[in-house]
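Structure record follows, encoded as structure tokens.
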Amino acid sequence: MIMFGCLLLVVLPLIGLVVGGYLGGLTAGLWMALGGLALAVLACSISVIALVKARHPR
């Protein structure tokens with residue numbers, strides 16, 4: 001689950017950069033890349049929180 005979140009940290013900003021660059025130029029591409037990075041950090045943090053909550057109590 002964490003590997004999926006870490007993979008998204010690379011993939012989503014690249015997809016945002018390509019799609020934003022194609023649709024609106026360099027500025028839009030950079031904003032879309034930042035949006036993709038924000039979504040990836042959110043997905044990664046949700047998976048880490050789920051992993052921490054799933055561990056056994058000491």
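The values are calculated or read from the model by the stated rules, or taken from the named source; none is laboratory data. All figures in this text were calculated on a predicted structure; none of them were measured in a lab. With ideal geometry, Cβ positions are generated from the backbone for all residues, glycine too; neighbour counts draw on all protein chains shown. Heads up: the accessible areas ignore ligands, DNA and RNA and are worked out on the full protein's heavy atoms, side chains in. Shrake-Rupley method; radii C 1.70, N 1.55, O 1.52, S 1.80 Å.
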Among (1) at pLDDT below 85; (2) open to solvent by 90 Å² or more (accessible area, probe 1.4 Å); (3) assigned to a helix (DSSP H, G or I), His56 falls short only on (3)
Return the residue satisfying two criteria in turn: it lies in region 25-52 and is over 14 Å from the mean Cα position of the chain (by Cα) and at pLDDT 90 or above, and of such residues it is surrounded by the fewest Cβ atoms within 10 Å (Cβ to Cβ). Thr27
